[in-house]
Every structure is written in structure tokens, then in C-alpha cells.
Amino acid sequence: MNRGRKLIFAFAIIAVVLVVGLWGIPLGNKQLTVSELTDEHIGTRVHVNGTVAVGTLRSMDNGSTVLFTLTDMHRDVNVSYAEHQPVNLVEGNHAAVTGMFHPNNTITANQIITKCPSKYSTEATALETTE
């Protein structure tokens with residue numbers, strides 16, 4: 001194989017590795033604070049950072065749905081999450097949610113990322129189950 005073909009082959013391999021490696025990573029999905037949510041975001045997938053408001057974390061339907069309020073101390077948004085609850089999802093701790101923003105100021109989340117509660121000096125409240 002001559003040098004030109006080797007170079008083209010190498011670039012092709014690099015391109016395939018990049019495409020496979022970046023597959024599924026959302027591009028252009030800016031992380032927002034709760035206060036940055038506007039009517040323009042209604043009906044779109046959003047990635048929102050905030051704190052789980054104290055007194056709002058609860059589960060329904062025998063634990064299959066988690067409801068809470070995400071706040072940035074200026075504005076609140078309600079979150080509904082119907083998948084596995086992260087162990088570190090506790091009141092007063094930071095959470096980042098990804099999901100669909102609805103006109104009733106609710107996010108139907110399909111992903112929640114939390115931080116370890118031991119990194120915070122505030123007391124965390126465990127999830128309470130209501131039926």
C-alpha cells in the first residue's frame with residue numbers, strides 16, 4: 001500500500017472512532033439554571049441544574065415515580081421522574097435533571113445526576129413514601 005492510501009486509511013479509522021465515541025452525546029444541549037427556563041424551552045428537552053427543595057421530595061405509585069421541586073433559590077420547577085431513583089437524591093442536595101419541559105412548569109425527567117451528600121455541610125432529608 002502506498003503512502004497516500006495509508007494516510008487516507010488512517011484518517012478514515014480516526015473518523016470512525018470519533019463518530020462511535022461521540023455517539024449519543026447531546027451536542028448543543030446547554031445546561032440551564034432553573035431561573036433560565038423560559039417559554040421558549042416549553043416542549044423541548046432541557047438540562048437543568050438546581051437544588052432539591054426541602055420538604056418536596058416524595059414518591060408515588062409504590063416508589064415507581066419520584067416527585068420533587070428543583071430550585072435555584074430564585075425560581076422553582078417541579079420534576080417528575082419515573083425511573084430508578086438515584087441513591088443520593090435527597091433534599092437540600094444538588095441535582096441535574098434532563099427531560100422534557102412542559103407548560104405547567106414541570107419537567108418529566110428521564111435522567112437525574114446527583115452528588116454525594118457527604119460533600120455538603122447541610123443536613124439531608126431522606127425520601128418519604130406517600131401513597
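The table that follows gives values for the structure above.
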item	result
For peptides 89-98, 35-44, 70-79, sequence by mean Cβ density within 10 Å, most packed first	89-98, 70-79, 35-44
Using a Förster distance of 41 Å, the FRET efficiency for Val19-Thr106 (Cβ separation, nearest 0.05)	0.70
Label-to-label distance, nm, for residues given as Ile8 and Arg75 (7 Å Cα→Cβ offset)	5.3
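Each value in this text was obtained by applying a stated rule to the coordinates, not by laboratory testing. For clarity, every value in this text was computed on a predicted model and none was experimentally measured. Because the Cβ atoms are built from the backbone with ideal geometry, glycine has one as well, and the counts that use them run over all protein chains shown.
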